[in-house]
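Remarks on the structure that follows.
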């Protein structure tokens, strides 16, 4: 996961994006998420998280970010469903 995090931070820096802002916007763009849960220890951290409202998370940007880390394996309680679908 550290490698994925490093790729994500480098990706954001190359595009002039703040990693926290981008992460919150990415999570918030998922159709199953009604509101990302954010946490902050100070006002600056809160500002970075809240700035996600202004970041346009296009489908292309969302896909680029998703490609930075491997897809996690399905939960073990879902393996039977996955076999039935195949």
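Using C-alpha pairs below 8 Å separated by at least 6 residues, the relative contact order for the chain is 31 percent.
The angle between the Cα long axis of helix 19-28 and the longest principal axis of the Cα atoms of the chain comes to about 50 degrees, rounded to the nearest 10. Out of these labelled values of Rg/Rh (Cα atoms, Kirkwood Rh), (1) 1.05; (2) 0.93; (3) 1.15, which was calculated from the coordinates shown here? The value matching this structure is (1). Averaged over residues, the count of other Cβ atoms within 10 Å places the peptides 19-32, 37-50 in the sequence 19-32, 37-50, highest first. Would you mind checking the tilt of helix 2-14 against the longest principal axis of the Cα atoms of the chain, expressed as 0 to 90 degrees and rounded to 10? For 2-14 against the chain, the angle is about 50 degrees.
Any read-out appearing in this document is the output of simple, stated calculations on the displayed coordinates, not a laboratory observation. Computed from a prediction, not measured in an experiment: that's the story for all the values here. Every residue, glycine as well, gets a Cβ built from its backbone with ideal geometry; the counts of neighbours run over all protein chains shown.
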